[in-house]
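**Student:** Below are the structure tokens for one structure; questions will follow.
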Amino acid sequence: MANKVAIIGAMEEEVEALYQNLLNINEHETNLPDLPVFTGILSEKEVIIARCGIGKVNAALATQYIINTFNPDFIINTGVAGGVSPKVRIADFVVGQSSLQHDFDARYFGYPMGTIPRLKTSVFLADSRMVELCIQAAGDELGQKRVHRGLIVSGDQFVASTEQKKSILEFFPDTMCVEMEGAAIAQVAHLNQIPHIIIRAISDQADNSAPKDFNQYLLEIIPELNRVIQRLLNLI
């Protein structure tokens, strides 16, 4: 059972409503700039909620800080993503069974795209039990047709063209969606031997329509995402 859960999102929109619903809320000063961290009780669980900022470095720094400071039992990465698989539509949800960095490129040295040299693995597996519980929570909230599981890829770029999307599918054909933080959070969690899961709501199709779709759907799907997280907390 996870008694202390860290919830990490990149943007204020992705975490604000969650920390505003905390009981016994406490805001913590950190030794990192622009890293707001809140603790309290949500769905009868002790939680730590952080806005890590956009991109893999910000995500990794925040995750390691939270681990060092609060020692959570489990880490949830929440937020929005661009749909890459043709199975995924706007407002669908993806539960990440695995994640990797799609922009890590050491091919010059003979490594496949996405491989981090000298690590035992570059694909980071989510906690299998939590995947099933998250699928259950999301299905109960949204209906199973809107819920998918599979590979989530991360990179330091907002994927907003058909060419970028095709390139990702060329190297990683099993990709469900793309975003900018999840695999970094997963890597830090993996190296610290803390189970994790990535939950993403699809805000756009990661193509030329992405900027317009992202802004249009962001505020519409975040409330659903928050309800899924609270259902998940009730299950774990």
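**Student:** Tally the DSSP beta bridges in the chain and give the antiparallel ones as a percent, rounded to 5.
**Tutor:** Counting only bridges with both partners in the chain, antiparallel ones make up about 40 percent.
**Student:** With springs only between Cα atoms under 10 Å apart, run a GNM on the chain and tell me which of ARG146, ARG51, ARG107 wobbles the most.
**Tutor:** Checking each option, the largest mean-square fluctuation is seen for ARG107.
**Student:** I would also like to ask the following. What full-extension length gain, to one decimal in nm, is calculated for GLN20 and GLU46 as 0.36 nm per residue of separation minus the Cα-Cα distance?
**Tutor:** 7.9 nm
**Student:** Taking +1 at the Cβ of each Lys and Arg and -1 at the Cβ of each Asp and Glu, which of CYS177, VAL5, VAL37 sits farthest along the dipole of segment 4-231 towards its positive end, judged by Cα position relative to the Cα centre?
**Tutor:** CYS177
**Student:** State to the nearest 20 debye the size of the charge dipole of the chain about its Cα centre, where the only charges are +1 on K and R beta carbons and -1 on D and E beta carbons.
**Tutor:** 680 debye
**Student:** Relative contact order, percent, of segment 19-72 when contacts are C-alpha pairs under 8 Å separated by at least 6 residues?
**Tutor:** Relative contact order comes out at 24 percent.
**Student:** Let me ask something else about it. Have a look at THR78, THR39, THR162 and tell me which one the Gaussian network model of the chain (Cα, springs below 10 Å) gives the largest fluctuation.
**Tutor:** Taking springs between Cα atoms under 10 Å, the residue moving most is THR162.
**Student:** Arrange VAL178, VAL147 by Cβ neighbour counts within 10 Å, fewest through most, would you?
**Tutor:** So the ranking, lowest neighbour count to highest, is VAL147, VAL178.
**Student:** Suppose we keep just the DSSP beta bridges with both residues in segment 1-124; what percent of those would be antiparallel, to 5?
**Tutor:** 50 percent
**Student:** Please list, in order along segment 54-60, the HN-Hα scalar couplings obtained from phi with the Karplus expression 6.51 cos²θ - 1.76 cosθ + 1.60 (θ = phi - 60°), rounded to whole Hz, x for Gly and Pro.
**Tutor:** Once rounded to whole Hz, the list reads 8, x, 5, 5, 4, 5, 5.
**Student:** Rounded to whole Å and sorted largest first, what semi-axes of the equivalent ellipsoid does the C-alpha gyration tensor of the chain yield via the square root of 5 times each eigenvalue?
**Tutor:** Semi-axes (√(5λ), whole Å): 26, 21, 16.
**Student:** Just want to confirm a number: the relative contact order over the chain, from Cα pairs under 8 angstrom separated by 6+ residues, in percent.
**Tutor:** 26 percent
**Student:** Hey, another quick one. Hey, what do the phi angles of segment 212-217 turn into as Karplus ³J(HN,Hα) couplings, whole Hz, using 6.51/-1.76/1.60 and θ = phi - 60°, x for Gly and Pro?
**Tutor:** Going residue by residue, I get 5, 4, 4, 5, 6, 9 Hz, with x marking Gly and Pro.
**Student:** Measure off 7 Å from each Cα along the Cα-to-Cβ vector at ILE54 and SER167, then give the distance between these two points in nanometres to one decimal.
**Tutor:** About 1.8 nm, to one decimal.
**Student:** Send over the per residue convex hull volume for segment 97-226, Cα only, as a whole number of Å³.
**Tutor:** It comes to 111 Å³ per residue, whole-number rounded.
**Student:** So for segment 20-136, considering every pair of alpha-carbon atoms, how many percent are separated by more than 17 Å?
**Tutor:** When all Cα pairs of segment 20-136 are counted, 69 percent exceed 17 Å.
FYI, it's all coordinate maths here, none of it is from the lab. Keep in mind that this is a model prediction, so the values were computed, not measured. Virtual Cβ from ideal backbone geometry, glycine too; neighbours counted across all protein chains shown.
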